[in-house]
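What follows is a single structure, written as structure tokens, with notes after it.
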Amino acid sequence: MSLSISSWKKWFADHRETIFRDFFTFLKFKSIATDPVFASECLQCANWLSEYLKKIGLDVEVWKTSKQPVLFAKQCKAQGRPTLLLYHHYDVQPVDPLELWESDPFEPTLREGNIYARGAQDNKGQCFYSITAIKALMELCDSLNFNLKVFIEGEEESGSRGTEEVFQTKKKDLESDYLLAVDVSMPAPGVPAITLGIRGILTMEILCRESNRDMHSGDLGGIAYNPIRSLVEGLSKFWDAQGKVAIPHFYEDVKILSKEELAQFDLEINEERVKKEFGLRSVCPEPGFSLGESGTIRPTVEINGIQGGYTGEGFKTVIPAIAKAKVSCRLVPDQDPEKIFSHLKDFLQKQLPEGMELKIESDHGSKAFRSSKDSVIAKVAAKAYEEVLEAPCKNILCGGSIPIVAKLSEVSGAQTVMMGYGLDSDQIHAPNERFGVDRFELGFLTMGRIFGKLHGQS
């Protein structure tokens with residue numbers, strides 16, 4: 001049977017009610033892997049997904065880890081033909097602050113063409129349009145003329161530590177020609193783009209202690225060095241007056257791209273659109289670099305959270321015993337997370353007053369990743385995008401991080417590209433996450449065209 005766009009559209013229309021019923025079931029699982037409270041929900045979600053993949057005709061294995069299980073599914077009967085490996089994850093971000101959600105984050109709600117739920121886009125939405133396309137493929141074809149593998153992990157949002165364990169024993173299973181990670185965004189509605197790189201990440205938790213217990217600010221004010229003040233002063237010195245990171249050796253391994261290297265990527269960011277979309281009051285590009293460059297090819301340091309003392313209703317005149325902060329870095333190729341952590345830790349220790357206790361622990365880290373626009377899978381994905389959206393496909397870089405992709409690419413030995421139908425406005429790590437019904441269908445169609453091209457039909 002033909003695998004033309006029209007055949008994929010017809011299949012989707014014929015199965016529309018079932019598709020979204022099953023998708024909503026998938027969304028209802030509270031698979032917040034970063035919080036141990038939801039461990040059973042994560043397992044239930046993995047088991048449901050495993051059974052679903054079996055029903056659509058794939059051979060499924062559940063790979064146990066010290067954290068959440070990995071689902072590995074395949075249909076590999078086409079000898080001598082290429083193998084495509086798909087990457088997704090079924091875990092989702094925490095929902096806090098819950099009071100800002102307009103509807104229950106785990107009761108999917110359709111409003112004005114968007115599905116609202118935690119994971120609606122990241123990554124359950126993108127995962128499920130891929131799975132739906134596989135289901136259609138299995139029904140539209142008597143047999144596949146390429147080999148298909150699917151890798152769905154359960155802890156992308158918390159660093160993939162358990163997931164990495166399977167690489168030691170499952171390398172042979174993961175060997176593939178092409179790797180497609182469907183977990184990123186497009187520049188704007190209707191603008192196709194393949195993602196050829198992501199930044200690495202380093203996250204850490206910092207504790208600054210002054211005393212054994214909280215103190216009265218009248219009795220000890222002017223005597224005890226407030227740990228919040230100490231921590232804030234230290235953190236503020238991470239940047240110089242111009243906004244460059246002031247941590248020694250931070251930029252040591254950062255390569256400056258040539259004009260020719262920059263030209264292969266679309267790094268343009270519309271400042272006014274971003275300000276309007278997110279309600280930004282100000283922007284802070286790295287001196288000497290554009291907004292687009294600052295958000296993709298340059299490393300950053302960010303304070304993600306800080307706490308200490310009393311922050312409840314009313315007032316409490318206290319000098320707290322401790323102050324805490326969560327800090328992360330986005331890294332670019334050749335930067336090593338362990339080296340950056342060591343430099344940052346040494347620098348911060350030198351900023352604190354004598355005697356102040358500092359504890360700083362690295363949570364997780366991964367290196368940056370870049371791939372080629374000239375690979376077979378990049379060309380296939382770009383062409384599929386263009387046929388579905390009827391617009392030229394851009395080559396872009398992602399400022400975010402998918403910790404496992406670089407390692408999965410290495411282990412599988414595959415040419416790698418990333419793609420997706422997310423938008424910056426989907427609020428994927430915030431309340432009221434959403435995903436457009438139209439983009440879900442477009443994602444399905446694009447995956448269908450990719451499968452069709454690998455199958456040997458245009």
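Structure summary
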item: Counted residues, segment 222-242 - those being surrounded by 13 or more Cβ atoms within 10 Å (Cβ to Cβ) and either assigned to a loop (DSSP other than H, G, I, E, B) or in the same structural domain as Leu397 (by TED's automatic domain parsing) (or both); result: 5
item: Cross-chain or 6+ apart pairs with Cβ under 8 Å, segment 188-202 first and closer than 18 Å to Tyr385 by Cα, then among the β-branched types (Val, Ile, Thr) and assigned to a strand (DSSP E or B); result: Ala193/Ile396; Ile194/Ile396; Ile194/Val417; Thr195/Ile396; Thr195/Val417; Leu196/Ile396; Leu196/Val417
item: Filter result for the condition that a residue is polar (S, T, N, Q) and either buried (at least 22 other Cβ atoms within 10 Å of the Cβ) or in contact with a Gly (Cβ under 7 Å, 6 or more places away or on another chain) (or both), over Ser6, Ser31; result: Ser31
item: Criterion: without any contact (Cβ under 8 Å) to a residue 40 or more places away in the chain, more than 25 Å from Ser130 (Cα to Cα) and of a type in the set (Ser, Thr, Tyr) - qualifying residue of Ser366, Ser342; result: Ser342
item: Matching residues in segment 284-305 - criterion: being touching a helix residue (DSSP H, G or I) at 6+ places or on another chain (Cβ under 7 Å) and assigned by TED's automatic domain parsing to the domain that holds Val232; result: Ile303
item: Phe29 at pLDDT 95 or above, farther than 28 Å from Lys171 by Cα and not in a helix (DSSP H, G or I); result: yes
item: Selection within segment 369-393 - under 16 Å from Val191 (Cβ atoms) and within 20 Å of the chain's Cα centre (by Cα); result: Ala381
item: Top-ranked residue in segment 197-221 [being aliphatic (A, V, I, L, M) and in a strand (DSSP E or B); ranked as surrounded by the most Cβ atoms within 10 Å (Cβ to Cβ)]; result: Ile198
item: Residues being in contact with a Ser or Thr (Cβ under 7 Å, 6 or more places away or on another chain) and at positive phi - total across segment 371-391; result: 0
item: Segment 256-290, residues that are in contact with an Asp or Glu (Cβ under 8 Å, 6 or more places away or on another chain), of a type in the set (Val, Ile, Thr) and not in a helix (DSSP H, G or I); result: Val283
item: Check on Ile194, assigned to a strand (DSSP E or B) and under 17 Å from Cys45 (Cα atoms); result: no
item: Options Phe20, Phe12, Phe38: the member that is of a type outside the set (Gly, Ala, Ser), in a helix (DSSP H, G or I) and farther than 22 Å from Thr132 by Cβ; result: Phe38
item: Residue check, Glu139 under 29 Å from Phe38 (Cα atoms), among the acidic types (Asp, Glu) and in contact (Cβ under 8 Å) with a residue 40 or more places away in the chain; result: no
item: Residue within segment 381-394 that is hydroxyl-bearing (Ser, Thr, Tyr), surrounded by 19 or more Cβ atoms within 10 Å (Cβ to Cβ) and modelled with pLDDT of 95 or more present; result: yes
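Here is a yes/no grid of residues against (1) assigned to a strand (DSSP E or B); (2) crowded, with 22+ Cβ neighbours inside 10 Å:
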site	(1), (2)
Ile396	yes, yes
Ser401	no, yes
Ile404	no, yes
Leu408	no, yes
Ile428	no, yes
Pro431	no, no
Glu441	no, no
Met447	no, yes
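The values are calculated or read from the model by the stated rules, or taken from the named source; none is laboratory data. What you see is a predicted model, and the numbers here were worked out from it, not measured in a lab. Here Cβ is always computed from backbone atoms with ideal geometry, including for glycine, and neighbour counts include all displayed protein chains.
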